[in-house]
Amino acid sequence: MIARAVEAGLERILVPGWDIASSEAALELAARHPGVVDAAVGIHPHDAASMDEPAWARLEALIADPRARAVGEIGLDHFRSLSPHDAQREVFDRQLALAADRGLPVLVHDRDAHDEVIDALLAWAGRAGQPARGVLHAFSGDAAMAQRLAQAGFLVSFALPVAFGSAVGPRAAATALAAGSFLVETDSPYLGPDREARNEPPTTLRVVAQLARLRGEDVRALVAPIREAYRSLVGA
């Protein structure tokens, strides 16, 4: 799959963890594919209730690993609420603090928690002691949210739903944001091209093409800003 991605023209792939085991696996994948795969480590809001102090100790060790380029996927999910809201917020805030301590960006999951996520990120950016670095992944907010977070230094990442007319907020955000303030992603295995096809990294090429159509720009004009935004995010 990684070979197919490189052949299709992709340069870098950021693989996030969602719990301890997947975070360890992301680091191992990055070690096997240096220069192509970057790793993030973190606890998804769905898994927030599972965290105890031994798990926190292990997570801190993973965040300290030099292969860890970001802390994520972290955030809040009030749609499925697989962990209690107070546990989600505690785990989110604690991981934001760990990211600030290590000078790492954050990969943020936000589902039906827009206002709370905005408040948490703006507060974190104010106390981090350095420019905020992070990305709202598979963005589901609107143009106002995207612009507010972009002004604070965060990136917005678009997945394939930006191609669907029902994604009113993300599509509006895609036309409102300046070049260099957004990324593209698959959110694999979710948000794929259809029920039968695997959602592999080249799906991002379709996302870029759709963004170009929405923005009335040439596809090639978007590539360099996306590349530089990614490099700025992960420090590569």
Does the stretch 52-61 contain any residue that is buried (at least 20 other Cβ atoms within 10 Å of the Cβ) and in contact with a helix residue (DSSP H, G or I) (Cβ under 7 Å, 6 or more places away or on another chain)? yes
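Going through the stretch 195-218 one residue at a time, which ones are under 18 Å from Met1 (Cα atoms) and either out of contact with any strand residue (DSSP E or B) (no Cβ under 6 Å at 6 or more places or on another chain) or polar (S, T, N, Q) (or both)? If you could, list the steps in order and put the result at the bottom.
Taking the stretch 195-218 and keeping what is under 18 Å from Met1 (Cα atoms), we get 196-206.
Passing the criteria: Glu196, Ala197, Arg198, Asn199, Glu200, Pro202, Thr203, Thr204, Leu205, Arg206.
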Within the stretch 60-81, identify whether any single residue is over 25 Å from Gly235 (Cα atoms) and small (Gly, Ala, Ser), and answer yes or no. yes
Within the stretch 155-166, track down each residue that is free of Cβ contacts under 8 Å to residues at least 40 places away in the same chain and within 18 Å of the chain's Cα centre (by Cα). Val156, Ser157, Pro161
Residue list for the stretch 198-236, filter: free of Cβ contacts under 8 Å to residues at least 60 places away in the same chain and among the small types (Gly, Ala, Ser): Ala209, Ala212, Gly216, Ala221, Ala224
Going through (1) at pLDDT below 95; (2) under 26 Å from Gly235 (Cβ atoms); (3) polar (S, T, N, Q) one by one, Ser166 fails only at (2)
Taking Arg231 and the conditions (1) in a loop (DSSP other than H, G, I, E, B); (2) loosely packed, with under 14 Cβ neighbours inside 10 Å, which numbered condition does it fall short on, given that it satisfies the others? (1)
Leu136 passes all but one of (1) modelled with pLDDT of 95 or more; (2) over 16 Å from the mean Cα position of the chain (by Cα); which number fails? (2)
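Among the residues of the stretch 195-234, write down those that are small (Gly, Ala, Ser) and under 15 Å from the mean Cα position of the chain (by Cα).
Just the residues of the stretch 195-234 that are small (Gly, Ala, Ser), to begin with: 197, 209, 212, 216, 221, 224, 229, 232.
Across the stretch 195-234, the qualifying residues are Ala229, Ser232.
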Pick from Arg89, Arg94, Arg111, Arg127: which is within 17 Å of the chain's Cα centre (by Cα) and among the basic types (Lys, Arg)? Arg111
Residues located in the stretch 86-109, provided they are in contact with a strand residue (DSSP E or B) (Cβ under 8 Å, 6 or more places away or on another chain), part of a helix (DSSP H, G or I) and more than 17 Å from Asp19 (Cα to Cα): Arg102
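The values are calculated or read from the model by the stated rules, or taken from the named source; none is laboratory data. In this text the structure is predicted, and so the values were computed from the model without any measurement. Glycine gets a Cβ as well: all are built from the backbone with ideal geometry, and neighbour counts include every protein chain shown.
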